[in-house]
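The values are calculated or read from the model by the stated rules, or taken from the named source; none is laboratory data. Bear in mind that the values here come from a model prediction, so they are computed numbers and not experimental data. Note: ideal-geometry Cβ built from the backbone for every residue, glycine included; neighbour counts use all protein chains shown. Accessible surface areas use protein heavy atoms only, side chains included; no ligands, DNA or RNA. Shrake-Rupley method; radii C 1.70, N 1.55, O 1.52, S 1.80 Å.
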Amino acid sequence: MGVMPMYGVAIREAIASNDLVKMEAVAEQAKQTVKEQGDLSAALLELLEAIDSLKGKK
């Protein structure tokens, strides 16, 4: 299957495939990505706050 970037679409495609082997492989990749990258949602919120802060200084 190869390495697939982890994002909602890839995970939902695996679910829709109803292929247990594919679903398990995607789940393992997703767990590894989360382990390596941490909470991407929190980092994005911090980035958006920093952007808003800089825009407020103009």
Can you pull the accessible area of Val34 for me, 1.4 Å probe, Å² to the nearest 10? 90 Å²
Calculate what fraction, in whole %, of the accessible area of the chain sits on carbon and sulfur atoms when a 1.4 Å probe is rolled over the protein chains. 61 percent
What translational diffusion coefficient, to the nearest whole µm²/s, does the chain have by Stokes-Einstein, given a Kirkwood radius computed over alpha-carbon pairs, a temperature of 37 °C and 0.692 mPa s viscosity? 246 µm²/s
Inter-site label distance for Lys22 and Ala42 at 7 Å from Cα along Cβ, in nm: 3.3 nm
Taking the chain as the reference, fit the longest principal axis to its C-alpha atoms, fit the long axis of helix 20-37 to the helix C-alpha atoms, and give the angle between the two in degrees, 0 to 90, nearest 10. 30 degrees
